Ligand code: NAD
């Protein structure tokens with residue numbers, strides 16, 4: 001197939017584009033920015049998806065789309081930017097494909113549409129009401145609706161994939177990683193707590209400012225584990241490719257995540273042991289994540305099962321950490 005991958009310069013988009021090329025497809029990569037490392041065989045179109053014109057002749061022969069391009073931000077000040085990048089861009093992409101060969105469309109959505117941090121029941125599945133509490137979550141609800149509308153009115157077969165959190169194992173023990181830095185490193189959580197005005201946590205972690213050798217072992221004050229789904233990016237990319245290549249019809253929604261959620265406290269302890277790092281215990285409020293998701297629908301619809309285990313993640317994270325430390 002001729003397949004357009006949006007967000008092709010991003011971490012998931014790059015992995016999806018590479019897998020699609022390996023599977024023999026012709027891939028066009030769309031992104032705001034050029035990739036740091038181009039995927040061989042991908043033709044890149046650099047520009048803002050929101051600037052696409054209706055019936056774009058460059059996309060006329062595209063038969064399927066993996067729409068992964070998006071902005072992720074939890075900053076209130078980014079509300080309009082999120083709407084532009086995730087809603088207007090999706091709408092204009094749909095219109096740019098009008099009159100062309102496209103028949104299949106896969107959207108990267110997120111568990112933040114529920115949202116996972118305020119579940120009405122668990123495990124969270126596709127039937128859970130969408131009640132987002134962030135501008136990012138709202139932008140993905142509106143993107144889902146735009147894709148459902150396109151499926152209905154254009155006769156496309158479409159799938160909205162509600163991704164769990166995803167990380168390359170190598171990012172897990174990188175203090176500079178956007179997600180994992182403050183999630184696992186006491187020094188980076190201290191910085192985040194200071195910025196958020198969380199004085200109690202900032203004070204507790206003050207001794208670790210500037211110390212990138214100590215990981216946080218977090219528990220919630222209500223005694224519950226801090227839990228969330230973390231799927232290795234290669235598994236997530238494999239799931240996206242399965243959804244693109246599947247023959248589902250109409251509009252479908254599927255959660256794409258691990259078989260089980262990760263207890264971040266236990267995980268941090270195992271990561272520290274594997275990488276020879278220290279730990280410090282912290283207590284977080286009951287609003288800290290504590291959820292379990294379901295990937296049953298993804299298995300039913302296109303045979304998805306994760307392959308990279310929790311133990312693989314720990315081993316690969318420790319290896320990457322040792323390599324980074326050795327390289328200085
Ligand atoms: P990423 O930030 O690495 O990649 C996103 C890419 O989209 C970037 O290369 C960016 O330049 C591009 N982009 C943003 N706005 C654009 C626009 N207007 N026009 C063209 N390109 C634009 O993010 P990622 O981790 O690869 O995430 C991929 C998708 O998965 C996103 O849709 C994201 O919302 C979704 N998602 C990610 C996670 C996660 O844990 N990373 C979790 C749930 C959902």
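Starting from residues that are in a loop (DSSP other than H, G, I, E, B) and either modelled with pLDDT under 95 or in contact with a strand residue (DSSP E or B) (Cβ under 7 Å, 6 or more places away or on another chain) (or both), keep the ones in the stretch 221-246 and report whichever is surrounded by the fewest Cβ atoms within 10 Å (Cβ to Cβ).
Looking at residues that are in a loop (DSSP other than H, G, I, E, B) and either modelled with pLDDT under 95 or in contact with a strand residue (DSSP E or B) (Cβ under 7 Å, 6 or more places away or on another chain) (or both), I get 223.
Could you name every one of the helices (runs of 4 or more DSSP H) located completely within the stretch 253-328 that has at least 2 residues being within 17 Å of residue 169 (Cβ to Cβ)?
On the way: elements: 264-275, 296-302, 310-326.
Qualifying helices (runs of 4 or more DSSP H): 264-275, 310-326.
Among the listed residues 193, 200, which satisfies the condition of being part of a helix (DSSP H, G or I), buried (at least 19 other Cβ atoms within 10 Å of the Cβ) and either modelled with pLDDT under 95 or not assigned by TED's automatic domain parsing to the domain that holds residue 285 (or both)? First the steps, then the outcome.
Values: 200 fails: buried (at least 19 other Cβ atoms within 10 Å of the Cβ).
One residue alone meets the criteria, 193.
So is residue 281 free of Cβ contacts under 8 Å to residues at least 40 places away in the same chain, in the same structural domain as residue 175 (by TED's automatic domain parsing) and on the phi < 0 side of the Ramachandran plot or not? Explain how you work it out, then say what you get.
Values: free of Cβ contacts under 8 Å to residues at least 40 places away in the same chain: no; in the same structural domain as residue 175 (by TED's automatic domain parsing): yes; on the phi < 0 side of the Ramachandran plot: yes.
No, not satisfied.
From the list 110, 146, 134, which residue is within 11 Å of the ligand (Cβ to nearest atom) and buried (at least 18 other Cβ atoms within 10 Å of the Cβ)?
Working: 146 fails: within 11 Å of the ligand (Cβ to nearest atom); 134 fails: within 11 Å of the ligand (Cβ to nearest atom).
Criteria check complete, one pass: 110.
What residue, of 264, 256, is buried (at least 18 other Cβ atoms within 10 Å of the Cβ), under 30 Å from residue 199 (Cα atoms) and touching a strand residue (DSSP E or B) at 6+ places or on another chain (Cβ under 7 Å)? Step through it out loud before you land on a result.
Working: 256 fails: under 30 Å from residue 199 (Cα atoms).
After ruling out the rest, the residue left standing is 264.
Can you go through 94, 65 and tell me which one is more than 18 Å from the chain's Cα centre (by Cα), outside any loop (DSSP other than H, G, I, E, B) and more than 10 Å from the ligand (Cβ to nearest atom)?
Details: 65 fails: more than 18 Å from the chain's Cα centre (by Cα).
Residue meeting the stated conditions: 94.
The values are calculated or read from the model by the stated rules, or taken from the named source; none is laboratory data. Here the structure is a predicted model, which means the values were calculated and not measured. Note that each Cβ is placed from the backbone with ideal geometry, even for glycine, and that neighbours are counted across all protein chains shown.
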